[in-house]
Amino acid sequence: MLLDGDDWASKFKTFQAEAWRLETLPQYLVPQEADEFAAFKAGARFPGPYEDSWTEMVRTRNVGRVHVLTRPLSDYLRFEFERYYRHQAPAGEDIRILDVTDRPNPLPDVQDFWMFDRSTIVLMHYEPDGKQISRELLEGDPAPFIEYRRIAVAASVPFLDYVAR
């Protein structure tokens, strides 16, 4: 089942205990970010902290993610760190980095996904350039994804520790 619009938004309103994300791409092409991303590449920076619906949610709910990456960071990852992560982590989102530059990736071939309450899995489908194709509600056993989460968290470091190095 493909998720869009209200069906997708409801996942963030109705989860009970936790929303968690695995990110594996060096770039995500999001139309809503195009102007800010272009401005960032031209030298703009994003003062903070700021409040929006996402930071409001992560202040009161358990939300986390691990981003698997390699150095050097892509322009998009530098943008994502500056625009989002450096504001969202202090607000309460458990953002972690799994840098596989100098070591094997413990999650090879695992695609991006969201997991809600360790029971509902939404597979995120992208073109190779990072343009989102679709979101698909998994109609199967969440156990492998719970294990992917365990591995990703164990092998990663908190975002604020990563950028302090």
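The values are calculated or read from the model by the stated rules, or taken from the named source; none is laboratory data. Since the structure is predicted, the reported quantities are computational estimates derived from the model, not experimental observations. Cβ coordinates were reconstructed from backbone atoms using ideal geometry, including for glycine residues, and neighbour counts include every protein chain displayed. These area figures cover heavy atoms from the full protein model, side chains too; ligands, DNA and RNA do not enter into them. Shrake-Rupley method; radii C 1.70, N 1.55, O 1.52, S 1.80 Å.
At-a-glance table
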{"item": "Count - residues of the stretch 1-32 that are charged (D, E, K, R), modelled with pLDDT of 90 or more and in contact with a Lys or Arg (Cβ under 8 Å, 6 or more places away or on another chain)", "result": "3"}
{"item": "Residue list for the stretch 137-148, restricted to those being in contact with a strand residue (DSSP E or B) (Cβ under 7 Å, 6 or more places away or on another chain) and either in a loop (DSSP other than H, G, I, E, B) or open to solvent by less than 50 Å² (accessible area, probe 1.4 Å) (or both)", "result": "Leu137, Leu138, Pro142, Phe145"}
{"item": "Thr70 β-branched (Val, Ile, Thr) and more than 21 Å from Val110 (Cβ to Cβ)", "result": "no"}
{"item": "Positions within the stretch 113-136 being open to solvent by 20 Å² or more (accessible area, probe 1.4 Å), part of a loop (DSSP other than H, G, I, E, B) and more than 22 Å from Gln16 (Cβ to Cβ), in sequence order", "result": "Glu127, Pro128, Asp129"}
